[in-house]
Amino acid sequence: MFKLTSLNLNGIRSATNKGLVPWLEKHQPDCICVQEVKAQAPDVEGKFEELAGLKGYFQFAQTRKGYSGVGVYSRLEPSDVRIGFDQGEFDAEGRYVELRFDTPARKLSIISSYFPSGSSGEERQEAKYRFLDLVYPHLQKLKKQREFVLCGDINIAHQNMDLKNWKSNQKNSGFLPEEREWMTKLLTKGGLHDVYRRLKPEATDECYTWWSNRGQAYAKNVGWRLDYHLATAGMADLARTEAIYKGEKFSDHAPLTIEYDTQL
């Protein structure tokens, strides 16, 4: 089995201070895709290049320090590493790392991606739409070439069951009609699969992966499902188990782990 975890760290220094490494040592994923590293290369060197025996591969934000940044930690060395996807605005923000594990029998990519949030205002919402417009054709092209699983904080709750207060959030970023329509297109015409939903089609309250720091959202489980495994059909068909870990709180997101009946 191939155990793949996704986690928005909300800062790698913060998450490791909250016990992430001992959990990884116990949990033993083959890969963990991380988002919001919130660090630069000098911050990572000699400290976070490896976690629990997993080697990290990163794209750091160039626009400003302590912002965004993604990575994939892997137990197995990849055959190739692709950093970024648009060679422009969003690569500068540190939003895409792809590890390739190619054999004569199969071409497979594991991708960590952090989709923009539009919650801070109209300017960032427009940036989010630009990102969605760019990443969709990129994934469609990639799908024709190889199997992949994209793990990440997508910053979109797709359906009413994916957040607690859906009625009051219909005009808020993360649950806007345009965002949800994009996700529907990706999962229908686009041919990708929401792996968690394939395994847990009716899950509601237990499906959340993010909680606001305001009020008592976590204590009351007023959450959103923002973290996904988005997979090509061949990989989605191999998904066997899912788990959202809430035993410890490493960030404002919970780790999402799915086991696939395959080996890298």
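The values are calculated or read from the model by the stated rules, or taken from the named source; none is laboratory data. Quick caveat, the model's predicted, so the values are computed rather than measured. FYI the Cβ positions are ideal-geometry reconstructions off the backbone, even for glycines, and counts take in every protein chain you see.
Quick look at the numbers
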quantity: Filtered residues of segment 152-163 (kept if surrounded by fewer than 21 Cβ atoms within 10 Å (Cβ to Cβ) and assigned to a loop (DSSP other than H, G, I, E, B)); calculated: Gln159
quantity: Identity of the residue in segment 107-139, of a type in the set (Lys, Arg) and out of contact with any Lys or Arg (no Cβ under 8 Å at 6 or more places or on another chain), that ends up nearest to Asp153 (Cα to Cα); calculated: Lys128
quantity: Exclusive hit being modelled with pLDDT of 95 or more and over 17 Å from Leu7 (Cβ atoms), set Glu49, Glu25, Glu36; calculated: Glu49
quantity: Inter-residue pairs, beta-carbon under 8 Å, first more than 16 Å from Gly56 (Cβ to Cβ) and of a type in the set (Ser, Thr, Tyr) and in segment 95-109, second assigned to a strand (DSSP E or B) and modelled with pLDDT of 95 or more, 6+ apart; calculated: Ser109/Arg82; Ser109/Glu98; Ser109/Leu99; Ser109/Arg100; Ser109/Phe101; Ser109/Glu147; Ser109/Phe148; Ser109/Val149
quantity: Members of segment 1-45 that are of a type in the set (A, V, I, L, M), farther than 24 Å from Thr262 by Cα and not in a helix (DSSP H, G or I); calculated: Leu9, Val37, Ala39
quantity: Enumeration of residues in segment 1-46 that are acidic (Asp, Glu) and crowded, with 24+ Cβ neighbours inside 10 Å; calculated: Glu36
quantity: Filter result (crowded, with 20+ Cβ neighbours inside 10 Å and more than 18 Å from the chain's Cα centre (by Cα)) within segment 71-105; calculated: Pro78, Phe101
quantity: Boolean, Leu163 is touching a strand residue (DSSP E or B) at 6+ places or on another chain (Cβ under 9 Å) and under 21 Å from Ala239 (Cβ atoms); calculated: no
quantity: One residue from Asp194, Asp205, Asp227 being surrounded by fewer than 21 Cβ atoms within 10 Å (Cβ to Cβ) and among the acidic types (Asp, Glu); calculated: Asp205
quantity: Pick from segment 171-191, criterion aliphatic (A, V, I, L, M) and surrounded by fewer than 21 Cβ atoms within 10 Å (Cβ to Cβ), ranking: farthest from Lys144 (Cα to Cα); calculated: Leu176
quantity: Residues located in segment 238-264, provided they are closer than 28 Å to Arg214 by Cα, among the basic types (Lys, Arg) and touching a residue at least 12 places away in the same chain (Cβ under 8 Å); calculated: Lys249
quantity: Residues (among the charged types (D, E, K, R), in contact with an Asp or Glu (Cβ under 8 Å, 6 or more places away or on another chain) and part of a helix (DSSP H, G or I)) located in segment 103-151; calculated: Lys128, Arg130
quantity: Pair list, Cβ < 6 Å and 6+ apart or interchain, from segment 172-199 residues that are of a type outside the set (A, V, I, L, M) to residues that are modelled with pLDDT under 95; calculated: Ser173/Gly118; Ser173/Ser119
quantity: Selection status of Leu54, under 23 Å from Ala231 (Cβ atoms) and in contact with a helix residue (DSSP H, G or I) (Cβ under 6 Å, 6 or more places away or on another chain); calculated: no
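Here's the yes/no breakdown for (1) in contact (Cβ under 8 Å) with a residue 60 or more places away in the chain; (2) part of a loop (DSSP other than H, G, I, E, B); (3) not acidic (Asp, Glu):
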| position | (1), (2), (3) |
| --- | --- |
| Lys47 | no, yes, yes |
| Gly56 | no, no, yes |
| Thr63 | no, yes, yes |
| Tyr73 | no, no, yes |
| Leu76 | yes, yes, yes |
| Arg82 | no, no, yes |
| Gln87 | no, yes, yes |
| Phe90 | no, yes, yes |
